[in-house]
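The values are calculated or read from the model by the stated rules, or taken from the named source; none is laboratory data. All of these numbers come straight from a predicted model, not from anything done at the bench. Positions of Cβ are generated from backbone atoms using ideal geometry, with glycine treated the same way; all protein chains shown enter the neighbour counts. Just the protein is used for accessible areas: all its heavy atoms, side chains included, with ligands, DNA and RNA removed. Shrake-Rupley method; radii C 1.70, N 1.55, O 1.52, S 1.80 Å.
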Amino acid sequence: MSITAAAGFTAAGVGAGLKGDGRDLALVVNTGPQKHAAAVFTTNRVAAAPVLWSQQAIDDGRAEAVVLNSGGANACTGPEGFADTHATAEHVAETLQLSAQDVLVCSTGLIGTRLDMEALLTGVDAAVGVLSDDSASGEAAADAIRTTDSVAKTSQAAGSGFTVGGMAKGAGMLAPGMATMLSVVTTDAVIAPADLDAALREATRVSFDRADSDGCMSTNDTVVAMASGAHPEADPAGVDLAEFQAALTAVCRDLAAQLIADAEGAAHEIAITTVHAADEEDAETAGRAVARSNLFKTAIFGRDPNWGRILSAVGTTDVAFDPATIDVAVNGVTICRSGGIGEDRELVDLSGRQVEVTIDLKAGDAEATILTNDLTHDYVHENSAYSS
């Protein structure tokens, strides 16, 4: 289960010394025959240098390599930081005999510090030297992009004449505005750049965009999809777009769920599903309001099914609903019925990690699920001490 599961890709993960011991630089290379690519980026107005570079480089729907580093975000570093990103892309291109415009760059780590470029470029050389299409190399790449992540995150799906593989990192600053993390997804499908772009945007809309751990949007968020067209049974006329969309979305949803499962300090993984909304936007808005309520999140940490905090969060939105008819269930127990007291809240079991909240707006047929986690002492400790 890695980005090398799709044919036509090699990868590597090495230690460049950017964050001390361990792997901290990853490289993913599309060996073709197609070199199609698409990407989605943070909407944060304070965008990191790698985001600014990659937004320009992906404009033609083509990319041959992605280089990613942990140990430094290269954000808020001014013209010098952009020059560092440019130099990184140039070095990868020179080493692999590519055009720098076909190299995307991603960075993650502390904002407001310059990267050790000597170490980074030496790491690029080391990564190029061990590029491989085996699963271990894909796993090493996923490991190299971790910051506060406790585990690497990979996923895979397959369809008729194609495979999709993916990796992601992210444990904090997880809130939408695209995705708020780094992810690379590879496929050996035959697919046009425009179709790949549309599929990626739809997949991120219902996956990474709905992973909302702490309401904090990063400066470096990037999701890259690359297509090689190298599957031995690929249809030369192109992949079935509906089947491809389903597989790509499945991989992105799986990765998003893994991000929430590994969120900083989390003791509970919470899925907030809003049903019978007037439209999908209303369903998403209601669920996100609850996901961003610190009162709700601390209640779940304390194993308290405090449904009043859920209702009060929904009530701050402009979604269509009647406060006198709304229902709320937690782990299958309808503890709020018709805007008032429902079943005994003592029946709700919050001893496990998985929590399912269902909000019934009774205003239509649409629904959406937002993934979040509780707010714990460990989250506060980790983020008050974080400086690397």
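Axis angle, to the nearest 10 degrees, between helix 241-261 and the longest C-alpha principal axis of the chain: 70 degrees.
For K362, the aspartates and glutamates whose Cα comes closer than 17 Å to its Cα, not counting residues fewer than 8 places off in the same chain, are D279, E280, E281, D282, E284, D318, D322, D327. With respect to the chain, whose longest principal axis is taken over its alpha-carbon atoms, helix 78-96 is tilted by about 60°.
Sort the following peptides by mean Cβ neighbour count (other Cβ atoms within 10 Å, averaged over residues), highest first: 328-335, 3-10.
Working: 328-335: 18.9, 3-10: 25.0.
Listed from highest to lowest mean packing, they are 3-10, 328-335.
For the stretch 196-277, GluC sites (Glu not before Pro) are listed when DSSP marks them as loop and at most 10 other Cβ atoms sit within 10 Å of their Cβ; the list is E233.
When the chain is treated as a GNM with alpha-carbon contacts under 10 Å, the residue of G265, G159, G20 showing the greatest mean-square fluctuation is G20. The lysines within cross-link reach of K153, meaning a Cα-to-Cα straight distance under 28 Å and a gap of 8 or more places when in the same chain, are K19, K35, K169, K297. Pairing the Cα long axis of helix 280-291 with the longest principal axis of the chain, what angle in degrees results, from 0 to 90 and rounded to the nearest 10? Its long axis makes an angle of about 80 degrees.
Approximating the spin labels as points 7 Å out from Cα along Cα→Cβ, the E346-to-E280 distance works out to 4.3 nm.
Of the trypsin sites (Lys or Arg not before Pro) found in the stretch 295-379, those in coil by DSSP whose Cβ has at most 13 other Cβ atoms within 10 Å are R353. Once backbone amide H atoms are built at 1.01 Å from N, V275 has I359, D360, L361 as its partners under 5 Å, excluding neighbours fewer than 5 places away on the same chain.
Put a plus charge on the Cβ of each Lys and Arg, a minus charge on the Cβ of each Asp and Glu, and nothing anywhere else: the dipole of the chain about its Cα centre is then about 620 debye. Look at the alpha carbon pairs under 8 Å that are at least 6 residues apart: their mean separation over the length of the stretch 312-388 gives a relative contact order of 26 percent. For volume of the Cα convex hull per residue in Å³, the candidate list reads (1) 147; (2) 200; (3) 127; the entry that matches the value derived from this model is (3). Taking a ≥ b ≥ c as the square roots of the Cα gyration tensor eigenvalues, the stretch 20-72 comes out oblate, since a/c reaches at least 1.5 and a/b does not exceed b/c. Each Lys or Arg adds one and each Asp or Glu subtracts one; over the other residues with Cβ under 15 Å from the Cβ of L371, this totals -3.
Please find the FRET efficiency linking S132 to A324, where r is the Cβ-Cβ separation and R0 is fixed at 51 Å, and quote it to the nearest 0.05. The calculated FRET efficiency here is 0.25. Placing a label point 7 Å from the Cα of R201 along the Cα-to-Cβ direction, the residues of the stretch 30-65 whose backbone N falls under 19 Å from that point are 36-45, 52, 54-63.
Considering only DSSP states other than H, G, I, E and B, which GluC sites (Glu not before Pro) in the stretch 277-348 qualify as loop sites with at most 15 other Cβ atoms within 10 Å?
Within the stretch 277-348, the qualifying GluC sites (Glu not before Pro) (loop, at most 15 other Cβ atoms within 10 Å) are E343.
What the stretch 238-388 shows is 45 Å² of accessible area per residue, with the surface traced by a 1.4 Å probe over protein heavy atoms. Rounded to the nearest 0.05, what FRET efficiency do R353 and L295 give with R0 = 30 Å and r taken as the Cβ-Cβ distance? Could you check? It comes to 0.90.
How large is the accessible surface per residue of the stretch 73-132, computed with a 1.4 Å probe and reported in Å² as a whole number? Working shown, then result.
Details: 2560 Å² over 60 residues.
For the stretch 73-132, the per-residue accessible area is 43 Å².
When D24, D282, D133 are compared by accessible surface with a 1.4 Å probe, the order from highest to lowest is D133, D282, D24.
Here the label points at F82 and T334, each 7 Å from Cα along the C-beta direction, are separated by 5.7 nm in the simple model. Of V128, V103, V319, the residue with the greatest mean-square motion in the GNM of the chain, using alpha carbon springs below 10 Å, is V319.
Relative contact order of the stretch 57-214: 19 percent, from C-alpha pairs under 8 Å at least 6 residues apart in sequence. The alpha carbon gyration tensor of the stretch 228-349 gives principal lengths a ≥ b ≥ c with a/c of 1.5 or higher and a/b greater than b/c, which makes the shape prolate.
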